[in-house]
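Here's the structure we're looking at; comments come further down.
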Amino acid sequence: MAAAGVAVMTFGAWLVWFVDPVRASFLPVCPLYKMTGYACPGCGLTRGFHALFHGDIVGAMDFNLLIPLFVVIFGYLYISMFLVMVRGRAFPKWTLSLGAVWGLLGVLLVFGILRNIPAYPFSWMFP
């Protein structure tokens, strides 16, 4: 299972590196944005990771300000699955307290609301 996870994440990262999401029409669009016109907290991550994989850190942050948070989460999962595949055990289990989970959900909610306010200084957070 870990090898399958590593393979899927590696292929996904390669696809995002190889294909420019701004120009590609076959990559999925955020369903919330497509239905409502509002950007969710994850909107812009594909374009942001494409920019990040090509060394454009500022461009990646412009697409989604929370990309460092997602880099840490996805990186931890990828390395942990890779370690399970290679040595049979992962990093120590990453446990979050209930307060930390609520805090993370609160950050995502507040970011999702603020980035949809159509006035400066919030409008620059829209992807």
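Bear in mind these aren't lab numbers, they're just calculated from the coordinates by the rules spelled out. Predicted, not measured: the structure shown is a model, and the values here were computed from it. Don't worry about glycine lacking a Cβ; one is built from the backbone with ideal geometry, like all the others, and counts go over all protein chains shown.
Observations, loosely collected:
- Rounded to 10°, Cα long-axis angle of helix 67-87 versus longest principal axis of the chain: 10 degrees
- Think of the chain as a dipole: +1 on every Lys or Arg Cβ, -1 on every Asp or Glu Cβ, centred on the Cα centre; then among L105, A119, F63, L105 lies furthest on the positive end.
- Charge dipole (debye, nearest 20) of the chain; +1 at Cβ of Lys and Arg, -1 at Cβ of Asp and Glu: 300 debye
- Between the amide H of C40 and those of Y33, distances stay under 5 Å, these residues lying 5 or more places away or on another chain, with hydrogens modeled in the peptide plane.
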